[in-house]
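For reference, the structure discussed in these notes is given below.
Just so it is clear, none of the values below were taken in a lab; they were calculated from the coordinates. These figures come from a predicted structure and were not determined experimentally. Glycine also receives a Cβ, built like all others from the backbone with ideal geometry; neighbour counts cover every protein chain displayed.
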Amino acid sequence: MLTRWYRTGVFYSLDVGLFQDTNGDGVGDFQGLMERLDYLGRLGVSTLWLNPMYPSPRRDGGYDICDYYHVHQRLGSLGDFALMMHEAGERGIRVMLDLVVNHTSDQHPWFQSARSDPNSPYRDWYVWSETEPPDRFEGMVFPGVENEIWTYDEVAHAWYRHRFYRFEPDLNTDNPAVQEEIHKIAMFWIDLGVSGFRVDAAPFLIEPRHGPDKRPRYEFLRELRESMSWHRGDSVMLAEANVSDEELREYFGQADGTATRVLMVFAFRLNQALILALAREDARPVAATLRELPDLPRYGQWATFLRNHDEVDLGRLTEEERQEVARAFAPDPDMWAYGRGIRRRLAPILHGDRRRIELAYSLQMSMPGTPVIRYGEELGMGDRLDLPEREAIRTPMQWDHTPGAGFSSADPRAFTAPLVEDGPYSYKIVNVTDERLDPNSLLTWFERTLHALRECEEIGTGDHEIIDGGPPGVMVHQATGRTGTTLFVHNLANQPCRLKLGDLHDPVQEPLSFVADSDYGNGVDLDALDVAGYGYRWIRLRRMVGQ
Ligand code: GLC
Ligand code: CA
């Protein structure tokens with residue numbers, strides 16, 4: 001069976017406008033991304049997921065789009081985009097885009113036309129009500145910031161629906177013309193060379209807009225997948241779907257055991273279990289969650305993550321569990337957003353404790369699935385809680401310690417978003433150049449560990465088995481695939497421990513330690529396996545070559 005690209009690589013998400021500016025206007029651009037592709041290649045990244053780079057007023061980080069067939073002019077031209085695609089391809093780096101089609105910006109010409117003329121061909125592209133809808137105050141995605149999902153529009157003389165911000169009217173996805181347009185948008189970018197899409201807000205996108213039947217329209221995902229495959233056989237959809245396990249199965253769909261709809265979904269529940277486990281210093285929430293997660297159909301894949309461009313959404317934990325996480329990691333209410341999540345990067349969540357940052361990322365990388373890393377996490381970047389909502393974690397990439405952080409030569413006051421200037425996460429301390437020169441930096445650790453991961457195909461494509469019997473703070477699991485078997489030990493607690501795992505020993509080959517928090521000496525004794533407090537070890541039990 002051949003490898004499939006999305007099951008063995010490393011995904012890296014970034015916002016082009018925050019990554020690297022080259023023309024001195026304070027906004028990152030495609031030219032800048034192009035110049036940093038070798039940095040990403042060296043880090044071990046195989047696939048980029050770009051946050052929306054379309055024309056947009058950017059009141060929601062660019063998720064409020066006003067033209068699906070262009071790039072934002074501040075980032076460059078469509079030609080610059082094509083050149084960047086080419087350069088990425090030259091380096092074997094794939095690019096995925098955000099497909100944000102649940103809603104548009106209210107500045108989109110479709111909405112402008114729809115609201116200003118009841119006879120506009122675009123009127124029925126949105127969701128209207130002549131009277132005040134009974135569900136006006138139900139199901140807001142950003143409670144506390146947005147208090148209703150219908151807004152009365154003075155121009156249209158009608159109410160329009162918006163599950164997200166009021167400046168993001170929902171598209172009427174019941175309308176076949178809208179469905180067709182979504183296919184067209186996806187094909188446009190596929191034909192420009194992208195390898196697929198992160199499907200933004202997938203559960204909302206497939207939620208019927210009208211009529212009594214409110215069952216999600218999963219088949220829309222299959223239709224879209226079919227169109228995409230027709231244009232590009234190896235293209236992939238990665239769904240943002242923070243839904244129940246039962247529903248998750250439906251996102252993949254299956255026929256004869258093979259996925260028919262999307263091929264990847266974000267492991268939201270695992271993300272919450274990881275955070276809870278780290279807070280409790282107890283591995284059991286992770287083990288329990290892995291056991292409960294549905295088996296995926298053939299070629300289906302989890303996308304694992306610790307941080308993304310949004311808050312750490314803990315909405316699936318109990319109130320008590322959320323309080324536990326709050327006490328350990330985010331005691332100040334200002335660190336929270338929408339009553340459900342932490343609007344911080346991982347390093348500050350873990351109090352800047354290098355041992356625990358490594359532990360957390362080592363654990364993520366060893367989980368079944370493909371790891372997705374947010375830009376700057378490899379440096380241990382921090383955040384700015386003085387910025388509103390999720391803007392706190394959307395500060396420019398920190399390349400060096402000069403004024404402007406190597407991000408831009410513009411006056412920092414003109415930057416698209418302010419730098420983390422002060423404190424332990426300042427660009428003066430946390431930056432690529434300084435970490436590059438330090439063999440013990442987090443960046444060097446990320447490079448080493450991501451390279452180890454990429455030589456360990458069984459993580460992404462193999463079967464994972466949890467090994468019980470150790471202390472509650474320790475997670476022991478192993479992955480077995482065609483390349484061999486690797487054992488992972490993660491100690492989430494501060495007390496060192498010694499494990500007896502001799503039963504796993506394969507007398508044919510010597511176990512070999514190849515990733516660890518510290519030097520445990522030569523040789524691996526599985527009957528007396530030492531792991532430091534907050535320590536971790538990756539041990540190859542069996543290596544298969546020439547299969
Ligand atoms: C998704 C994005 C989030 C955005 C929202 C509306 O949840 O991750 O950043 O605000 O969709 O598009
Ligand atoms: Ca620029």
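Relative to the longest principal axis of the Cα atoms of the chain, the long axis of helix 176-191 lies at roughly 50 degrees. Antiparallel beta bridges, as assigned by DSSP with both residues in region 250-373, represent about 40 percent of the total such bridges. Ranking Ala528, Leu541, Asn491 by Cα position along the charge dipole of region 462-547, where only Lys, Arg, Asp and Glu carry charges on their C-beta atoms, puts Leu541 farthest toward the positive end. Applied to region 210-215, the Karplus parametrisation 6.51 cos²θ - 1.76 cosθ + 1.60 on θ = phi - 60° returns per-residue 3J(HN,Hα) values of 10, x, x, 7, 9, 5 Hz, with x for Gly and Pro. Among beta bridges from DSSP that stay inside the chain, the antiparallel ones total about 60%. Could you work out how far helix 354-366 tilts from the main Cα principal axis of the chain, as a 0 to 90 degree angle to the nearest 10? Relative to the chain, helix 354-366 is tipped by roughly 80 degrees. What does the helix-only formula give at 222 nm for the chain: each DSSP H stretch with n ≥ 4 adding -39500 (n - 2.57), the total divided by the residues, and the result rounded to the nearest 500 deg cm²/dmol? The helix-only estimate for the chain comes to -7500 deg cm²/dmol at 222 nm.
Amide H to amide H, with H built 1.01 Å from N, Leu501 comes under 5 Å of Asp527, Ala528, Leu529, counting only residues 5 or more places away or on other chains. At full extension, Asp386 and Arg482 could sit 29.7 nm farther apart than now, given 0.36 nm per residue minus the alpha carbon distance.
So what's the angle, to the nearest 10 degrees on a 0 to 90 scale, between helix 442-454 and the longest Cα principal axis of the chain? Result, in degrees: 90. Is region 433-479 rounded, prolate or oblate when judged by the Cα gyration tensor, a ≥ b ≥ c being the square roots of its eigenvalues, rounded requiring a/c under 1.5 and prolate requiring a/b larger than b/c? Because a/c hits 1.5 or more and a/b fails to exceed b/c, region 433-479 counts as oblate. Computed over the chain, the percent of Cα pairs more than 46 Å apart is 12.
Shown in residue order for region 316-331 are the 3J(HN,Hα) couplings computed by the Karplus curve 6.51 cos²θ - 1.76 cosθ + 1.60 at θ = phi - 60°: 8, 7, 6, 4, 5, 5, 4, 4, 4, 4, 4, 4, 7, 10, 8, x Hz (x for Gly and Pro).
Charged side chains reduced to their Cβ positions (Lys and Arg at +1, Asp and Glu at -1) give region 430-471 a dipole of some 240 debye around its Cα centre.
So, R0 is 41 Å and r is the distance between the beta-carbons of Thr258 and Asn23; what FRET efficiency does that work out to, to 0.05? Write out the running numbers ahead of the final one.
Numbers: r = 47 Å, r/R0 = 1.14.
Calculated transfer efficiency: 0.30.
With the cut-off at 1.5 for a/c, could you classify region 129-283 from its C-alpha gyration tensor as rounded, prolate or oblate? Walk me through the numbers on the way to the answer.
Details: a/c = 1.96, a/b = 1.17, b/c = 1.67.
Because a/c hits 1.5 or more and a/b fails to exceed b/c, region 129-283 counts as oblate.
Counting Lys and Arg as +1 and Asp and Glu as -1 over every other residue whose Cβ lies under 9 Å from the Cβ of His309, the net charge comes to +2.
Within the shell of other residues whose beta carbon sits under 12 angstrom from the beta carbon of Pro294, the net charge comes to -3, with Lys and Arg scored +1 and Asp and Glu -1. Measuring nothing but how far apart in sequence close Cα pairs (under 8 Å, 6+ apart) lie, relative to its length, region 93-230 scores a relative contact order of 28 percent.
If the segment from Arg91 to Phe142 were pulled out straight at 0.36 nm per residue, it would be longer than the present Cα-Cα gap by 14.5 nm.
Full extension from Leu192 to Asp503: what is 0.36 nm times the residue separation minus their Cα-Cα distance, to one decimal in nm?
On the way: separation 311, 0.36 × 311 = 111.96 nm, distance 5.21 nm.
In short, 106.8 nm is gained.
When each of the peptides 398-407, 121-130, 179-188, 371-380 is scored by the mean number of other C-beta atoms lying within 10 Å of its residues, the order from highest to lowest reads 371-380, 398-407, 121-130, 179-188.
Is the C-alpha gyration tensor of region 76-176 telling us rounded, prolate or oblate? Criteria: a/c under 1.5 is rounded; beyond that, a/b larger than b/c is prolate, otherwise oblate. Because a/c hits 1.5 or more and a/b exceeds b/c, region 76-176 counts as prolate.
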